[in-house]
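The values are calculated or read from the model by the stated rules, or taken from the named source; none is laboratory data. Keep in mind that what you see is a predicted model, and the values were worked out from it rather than measured. Glycine also receives a Cβ, built like all others from the backbone with ideal geometry; neighbour counts cover every protein chain displayed.
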């Protein structure tokens, strides 16, 4: 809590509001309205490519395409195949490209939540603040599910101050409890990015070198009221190798873009987003669960960490004191080097300072490191080799598609996208899967059933 | 989903439990019946039966208790009364009532002291065990397990080849549904081209689902007489029957419970007609284990069962194609079996060569309501579509928090049923919209439909999307509770398919009507001391018969059924206390 | 007024919550380890025939619990095709197979309840057809991989498990209105060495996420990985001491329906070995080195001081400390006041250092 005072209490309310204007002016070109600025920027930089329509012009210059135009009957007069194609196309979007990166698996992240007055706006239901909190809880659950040996701290921006809500720790329950308590807190005052960043920097200062240092900000306001020069803070952040990512709730703000750009080695595209709707908000939040790729510029030496994998003993017969919390427990985990009794993992053995972890914790992160190759879609043809999905045994639509229809469909470009073979093939084992399995295998399972079921391929891992 | 299933389950179970032990023993000789009865048990009872199935020895009750988790926090006044415990007691009670487990008393001598004490152990009913083992093992693959049962399907394959297989599942589905909906339509009062047969109509009357003007008058005069004297009416008279309160309630149940309701009535009626309940039950349960779309020879049936067969055809449970011989006419059960015996003999050889086809209504008898849906989804794509077309339009009601209701249906029957308690506004080609209002609910309530039934109906017919959302919400809630380690209250973890506001409001509307609830039961008072009161009241609570208690004035109230049980327990407990007291007194 | 309202709203006694569960159907997926060599080594205790018998009884029992219950059976570790479906078979092969089946003498007693018989028949049929192929395939494999003349092939339990999970995923998604609960039973005879660690763990986490319990019926040698899988999915791990009484195991301890899990004491061993296996040597270790980039577990510091998996170059300073005198851990920078304990921990550290050096 002392950091709170450091950045916050020295300021009087009057100062705050003055600063707000100054900083905003600093960061941007003169008095141009914020919305104006954002619009210009979007057109110029960010979405230029995405906005291009098929004819090469902007998408709004394209002819309007009615959704029912793409639905066409096949020779038997049924629209079943095209409908299932549409469904598949929708599911396909779920699959993200996976290229193996070096990722920072051991992470320390400070989650900064905007709790200023703007957050009580009701443009997100039920209100920005409560939606943000419920997503934040989901985020924390998911984060620890996927990054079990990482740590999180939570900070809010409220009344021009940064307040520490929950200390940096690896225990999701503490954070969630703290966030639940926040539900009763009214958003108030102005946000201050600088204060929040400084506090985050303080929190991340003494994290070990092998851990990443990240800040994730959810920012609802269009301004920040800072006590000092935020540029200095940014340079400090750069020095301490802290990477900041921001999710904006309203519009692009130049200062946010700048923070992200500078702390992410010039790459603000993948670190600063503005939400489109509630669903997008959630997606952006969940994207932050995936560990960041290790940046090329920080090619410091990597370390080996010595870790112990304790075994669990159910019951010693009598309750014993654990060496970490001095609580009476039945059973527990036994440190392999000093035989101390530990009640909760992961932790650092209080006796011998060995990092203790369950191998299952480590294993949870492996799929980030060894991602499964994407399956390739089998081109539409008259006959197929496979009749059933290798995984779930669902039978594929057996009808080979009439070549005429394909030809016909190619004229309307979009329709062609929806005529599918419904077969997706793993390039390694040459087994075919249905779209549901494809999505499931890549999103949840991270194993290819075909490759694993083949007993001849010994070159695993 | 579950609510509706309980309704019929409890009635079937009640009936089964009411049978005597000798009837039970006879019933358990048929593996098909064993299987069906087994399926009607609660999960934990099933588990207990399974653990005992391959265990020849008798076991002690303590062993069963050890399977169950003891709740970690026992903060309440009565730590031993937990939902789990109640559930277990319920399960054991059921097993005992069905004579599935038997108590065995054994004298055990203590190894050190040499004192002999009697221990109450229990074991599985040996007849049940043998038949059920046969059912599960098939007797063949492991010859050690008894002989093959005289199962009905044995000749099926050969006969299948003899008869042309022109009866498709689709046909059976539409046939049975046509028959059944016909009955329901008749009850709702839709104009029909052909009304159900006399047999069906008199059953409807007998069961009190519908009544004639004359019945109503008779009922007001003397209740007992009307039910006992079943005067025969002609088809035309019966056609003028009016639906009763029970009939309305009946309509709201799902199809499976409806069939069971009728079958139970049929059972009661058949007893009066001197049919053997064992045979009737065996036949019903056997139907449940038959396979859809296959023909079965009537030769394997007993005379009683052939009579039943004809009746079940009327309900759409069985498809029984008319034979080539013109002389065998379908007969009415009301005429009684005595007059039939002569004709029966003549027809025996004809009958022996005929096949009957169980319909989906019959094959899903012994399973819960969901099977109807899941069975159809399990079919291959082609048949699944046909199924959904053939009218299994369950799960199509959307209810919003603002009391508006949308129902995707084309069935006039469902519209008619909804009309019982919904204020319908507009009708489209594939859906109707309406709203639940105070008036519409009151109308239903005065018709004798309860709020509980309306809610159950809506719940079981809720759109799959509603169920999905509700499940998601529940999972989230559970996750959250688990993550925060807050003690989850049992009531909070129920799946809420319908918006709780609407559910509560419907209940409140009912409360407006009946503000007093009555229970038949016994009041216990004037206890000598707190301890005695505590002992008996906790016991009552544990076995689930306690309705009310007041600790201050040391009084409590138990249900009528539970009274005897409690008194027995009290007698035992007090005797024990006395003995203890005497023993304690002697050394002094 | 309050009292009256209360009465109407809690009309159900508290036990009813559990009754709801009586209705939920469940899917039982059995994965049977068919490796002939493993079965041979167990010959004295139990044969594959015995276990198939018991398994069929168990499948039937499961089906008899609720008529909406379903089963699925997969084989794994066979020489014929690694992991494959036994029941339900893909539809396409069904047509040819049924004809064959008809002609086949009934493998199980024809008087059995049809629902059981169809399944039992096709399961037995399939198993025997796999076993027929085994010797040929075994020789095939022996010829192809000369270095693997011992007949050591990759274990395919994970493959079977993955297939089972995709199937469960489908079943759970298609029957959206009926929430079917699923569990997996693995009858395993092979040891841990045949299990690819990462894939196994991926399966475990997927199962955990889907709330599918993995039960294990272990014959032969104990398995650490399967224990871990059971533990994290709330499953039952059973090491079978007396294989002759297998049926009793299968119908009691391994027969707990998912709906009953919340209230039952699972008869599982809670002493779980959470040790991990080294990525390089596949040795099971309790203290090891973890690469900070890719988290691969190593029992030794590699010679080239590069991570064998992600090829990150390790900091030579740290490697040196690890190699030479690993008494201070690079991870912990916090100074702890452990004056009394320091000497003792130093000792243990040096003794430990001996193992990686080898």
- Task: Quick one: which residue in A:156, A:176 is in a helix (DSSP H, G or I) and either under 21 Å from the mean Cα position of the chain (by Cα) or outside the structural domain of residue A:130 (by TED's automatic domain parsing) (or both)?
- Result: A:176
- Could we say that residue A:216 is part of a strand (DSSP E or B) and modelled with pLDDT of 90 or more here? yes
- Task: Would you point out which residue out of A:266, A:331 is facing chain C (nearest Cβ under 9 Å) and on the phi > 0 side of the Ramachandran plot?
- Result: A:331
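Can residue C:309 be described as within 14 Å of chain A (Cβ to nearest Cβ) and not in a strand (DSSP E or B)?
Considered against the rule, which asks whether it is within 14 Å of chain A (Cβ to nearest Cβ) and not in a strand (DSSP E or B), residue C:309 comes out as yes.
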- In the stretch C:209-228, how many are more than 9 Å from chain A (Cβ to nearest Cβ) and within 21 Å of residue C:261 (Cβ to Cβ)? 10
- Condition test on residue B:547, is it in contact with a helix residue (DSSP H, G or I) (Cβ under 8 Å, 6 or more places away or on another chain), modelled with pLDDT of 85 or more and either assigned by TED's automatic domain parsing to the domain that holds residue B:96 or under 20 Å from residue B:89 (Cα atoms) (or both)? no
- Query: Is one or more of the residues making up the stretch A:361-374 at pLDDT 75 or above and more than 26 Å from the chain's Cα centre (by Cα)?
  - Reply: no
- Query: Does any residue of the stretch A:179-192 turn out to be surrounded by fewer than 19 Cβ atoms within 10 Å (Cβ to Cβ) and closer than 27 Å to residue A:345 by Cα?
  - Reply: yes
- Query: Out of (1) on the phi > 0 side of the Ramachandran plot; (2) within 12 Å of another protein chain (Cβ to nearest Cβ); (3) surrounded by fewer than 16 Cβ atoms within 10 Å (Cβ to Cβ), what's the single condition that is false for residue A:385?
  - Reply: (1)
- Message: Just checking, does the stretch A:402-424 include any residue being part of a loop (DSSP other than H, G, I, E, B), at pLDDT below 75 and touching a helix residue (DSSP H, G or I) at 6+ places or on another chain (Cβ under 6 Å)?
- Response: yes
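Among the residues of the stretch B:268-287, how many are in a helix (DSSP H, G or I) and buried (at least 17 other Cβ atoms within 10 Å of the Cβ)?
Matching residues across the stretch B:268-287 total 13.
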- Exactly one of (1) within 14 Å of chain A (Cβ to nearest Cβ); (2) in contact with a helix residue (DSSP H, G or I) (Cβ under 9 Å, 6 or more places away or on another chain); (3) surrounded by 17 or more Cβ atoms within 10 Å (Cβ to Cβ) is unmet by residue C:238. Its number? (1)
- Message: Out of the residues in the stretch C:173-200 meeting the condition of being part of a helix (DSSP H, G or I) and more than 20 Å from the chain's Cα centre (by Cα), tell me which one is modelled with the lowest pLDDT.
- Response: C:174
- Task: Those residues that are assigned to a helix (DSSP H, G or I) and out of contact with any helix residue (DSSP H, G or I) (no Cβ under 9 Å at 6 or more places or on another chain), I need them from the stretch B:80-129; list them, please.
- Result: B:96, B:126
- Message: Take residue B:42 and tell me if it is at pLDDT 80 or above, out of contact with any strand residue (DSSP E or B) (no Cβ under 8 Å at 6 or more places or on another chain) and at the interface with another protein chain (Cβ under 8 Å from one of its Cβ atoms).
- Response: yes
- Looking at (1) surrounded by 23 or more Cβ atoms within 10 Å (Cβ to Cβ); (2) in contact (Cβ under 8 Å) with a residue 60 or more places away in the chain, find the lone condition where residue A:249 falls short. (1)
- Check residue C:260 against each of (1) part of a loop (DSSP other than H, G, I, E, B); (2) at the interface with another protein chain (Cβ under 7 Å from one of its Cβ atoms) and name the one condition it does not meet. (1)
- Hits in the stretch C:35-46 - residues which are touching a helix residue (DSSP H, G or I) at 6+ places or on another chain (Cβ under 7 Å) and farther than 17 Å from residue C:223 by Cα: C:36, C:45, C:46
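Conditions tested, residue by residue: (1) in contact with a helix residue (DSSP H, G or I) (Cβ under 8 Å, 6 or more places away or on another chain); (2) modelled with pLDDT of 50 or more.
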| site | (1), (2) |
| --- | --- |
| C:294 | yes, yes |
| C:337 | no, yes |
| C:343 | no, no |
| C:347 | no, no |
| C:352 | no, no |
- Task: Identify all residues within the stretch C:263-284 that are within 7 Å of another protein chain (Cβ to nearest Cβ), part of a strand (DSSP E or B) and closer than 13 Å to residue A:308 by Cα; write none if there are none.
- Result: C:276
- Tally time: how many residues in the stretch C:41-62 are more than 10 Å from chain B (Cβ to nearest Cβ) and either touching a strand residue (DSSP E or B) at 6+ places or on another chain (Cβ under 7 Å) or closer than 13 Å to residue C:119 by Cα (or both)? 2
- Task: Determine whether residue A:156 is over 17 Å from residue A:129 (Cβ atoms) and without any contact (Cβ under 8 Å) to a residue 60 or more places away in the chain.
- Result: no
